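First up is the structure itself, then whatever we jot down about it.
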Amino acid sequence: MKIRKAIITVAGFGTRFLPVTKAQPKAMLPLVDKPIVQYLVEEAVQAGIEQIIFVTGKGKRAIEDHFDSHFELEYLLEQKGKEEALAQVRGISDMAEFFFVRQSYARGNGDAVLATRSFIGDEPCAVLFEDDIVDSEVPGIQQLIDIYNKYQDPVIALTQVPHAEVSKYGIVEGVQIGDRLLEINKFVEKPNPEDTTSNLAVIGKYIITPEVFDQLELLKNSVKGELGLDNAFIEVLKTKPLYGYELEGKRYDCGDKFGYIQAMIDFSLKHPEIGDKVRKHLDHIL
Ligand code: G1P
């Protein structure tokens, strides 16, 4: 079945990024002139996604406004003959069909995904977490869709991380079955470095199937604390294949100050309008 829908989780408090995230959604922080969440939407749309559901929460209204049309602004730009800006502003709300569901309590990323179930129905769909930006020729989520189309089972995005950092991520082990492709046989969420030999970490991009929702539903009352997608994957693994694909491209953790600054520098160097100036500036100060 074609992947038409994507879930983008944007309900996080952004505690690693306080105080800027106190009253502003983390996903609305800019990378040059576009908010992080717009890069995620563009990634999904380039991969053929038609409908996007955001899992939001308190204080996230700016995200709804960003993907809505803005009559007054469009009128003003039209009056002033600012065609380019007008096309840009209109283009955002026209990219896909947008839907929103609120997660009232921060009960984990699995709980956030589960909140979209009646919208997703019985289709496979893409999931994108707000922190993970991948700069690649083929959009990250498209790389996962290509694997899904071949195997029709859930696919998780992976990247290699230094072993000392495994405790920040979901870590997988498995059998290499192709270029960058793993059939996963073990999934551990945030292990201690001494408890795993693997350094293949999960990035927040996934293709999930109805079985993942079934497991989330079954687990929702039994898991203590937060319900994570990892809890569901561990169960799915018992009965179905689960694939991991080491994404091509450069991954940025935009939920982290340093990761965000790296993304900002790299994206500004590539920006057609200011790239050269930024390069000269960096040459000058370094
Ligand atoms: C989540 C997932 C984790 C994954 C990470 C990637 O963790 O639970 O498996 O490695 O995203 O960004 P979080 O960073 O939300 O704690």
Next item on the list: On a 0 to 90° scale, report how tilted helix 140-151 is relative to the longest principal axis of the chain, with both axes built from alpha carbons and the result rounded to the nearest 10.
Entry: 40 degrees
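What's the extension gain from L286 to E74 if we count 0.36 nm per residue and subtract their Cα-Cα distance? Show your work: numbers first, answer last.
On the way: separation 212, 0.36 × 212 = 76.32 nm, distance 4.14 nm.
Roughly 72.2 nm would be gained on extension.
Scan segment 203-286 for trypsin sites (Lys or Arg not before Pro) in coil per DSSP, keeping those whose Cβ has at most 11 other Cβ atoms within 10 Å, and list them by number. Write out the running numbers ahead of the final one.
Working: sites: K205, K220, K224, K238, K250, R251, K257, K270, K277, R279, K280; in loops: K220, K224, K238.
Here the sparse-neighbourhood loop sites are K224, K238.
Report the extension gain between E97 and I265 in nm, rounded to one decimal, defined as 0.36 nm multiplied by the number of residues separating them, less their alpha carbon distance.
Details: separation 168, 0.36 × 168 = 60.48 nm, distance 3.11 nm.
The span from E97 to I265 would gain 57.4 nm if fully extended.
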Checklist line | Folded to 0 to 90 degrees: helix 257-270 orientation relative to the chain principal axis, Cα | finding: 50 degrees
Margin query: What do you get for chymotrypsin sites (Phe, Trp or Tyr not before Pro) in segment 7-112 restricted to DSSP loop and a cutoff of at most 11 other Cβ within 10 Å of the site's Cβ?
Written below: Y105
Checklist line | Between helix 275-285 and the chain: long-axis angle, C-alpha atoms, 0 to 90°, nearest 10 | finding: 80 degrees
Next item on the list: Round to a whole angstrom and tell me the spacing of the C-alpha centers of segment 4-68 and segment 219-286.
Entry: 13 Å
Check: What size of dipole, in debye to the nearest 20, comes out for the chain about its Cα centre when the only charges are +1 on Lys and Arg C-beta atoms and -1 on Asp and Glu C-beta atoms?
Finding: 680 debye
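Summarise the accessible area of the chain (1.4 Å probe, protein heavy atoms) by the percent that is carbon and sulfur. Walk me through the numbers before you get to the answer.
Details: 7390 of 14610 Å².
Answer for the chain is 51 percent, counting heavy atoms of protein chains only.
At 25 °C and a viscosity of 0.890 mPa s, what translational diffusion coefficient does Stokes-Einstein give for the chain, taking Rh as the Kirkwood radius over Cα pairs? Give it in µm²/s as a whole number. Working shown, then result.
On the way: Rh = 19.9 Å.
For these conditions, the coefficient is 124 µm²/s.
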Item checked: Charge-dipole axis of segment 81-232 as Lys and Arg at +1 and Asp and Glu at -1 on Cβ define it, positive-most pick from G140, Y151, L216 -> L216
Item checked: Phi to ³J(HN,Hα) by Karplus 6.51 cos²θ - 1.76 cosθ + 1.60 over segment 90-100, Hz, x for Gly, Pro -> 5, x, 5, 6, 8, 4, 7, 8, 10, 9, 9
Item checked: Computed [θ] at 222 nm, helices only, for the chain once each DSSP H run of length n ≥ 4 contributes -39500 (n - 2.57) -> -10500 deg cm²/dmol
Check: Quick one: how many lysine pairs in segment 137-249 have C-alpha atoms under 29 angstrom apart, if they're 8 or more apart or on different chains?
Finding: 29
Checklist line | Length added when fully stretched, I177-K257, from 0.36 nm per residue minus Cα-Cα | finding: 25.2 nm
Next item on the list: Over the chain, average the accessible area per residue using a 1.4 Å probe and give it in Å², no decimals.
Entry: 51 Å²
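Label segment 1-149 by shape, choosing from rounded, prolate and oblate, from the square roots a ≥ b ≥ c of the eigenvalues of the Cα gyration tensor; if a/c is under 1.5 it is rounded, and otherwise prolate applies when a/b is larger than b/c, oblate when it is not. Spell out each step's value before the answer.
Values: a/c = 1.66, a/b = 1.23, b/c = 1.35.
Cα axes put segment 1-149 in the oblate bin.
The values are calculated or read from the model by the stated rules, or taken from the named source; none is laboratory data. Here the structure is a predicted model, which means the values were calculated and not measured. Every residue, glycine as well, gets a Cβ built from its backbone with ideal geometry; the counts of neighbours run over all protein chains shown. Ligands, DNA and RNA are excluded from the accessible area calculation, which covers all protein heavy atoms including side chains. Shrake-Rupley method; radii C 1.70, N 1.55, O 1.52, S 1.80 Å.
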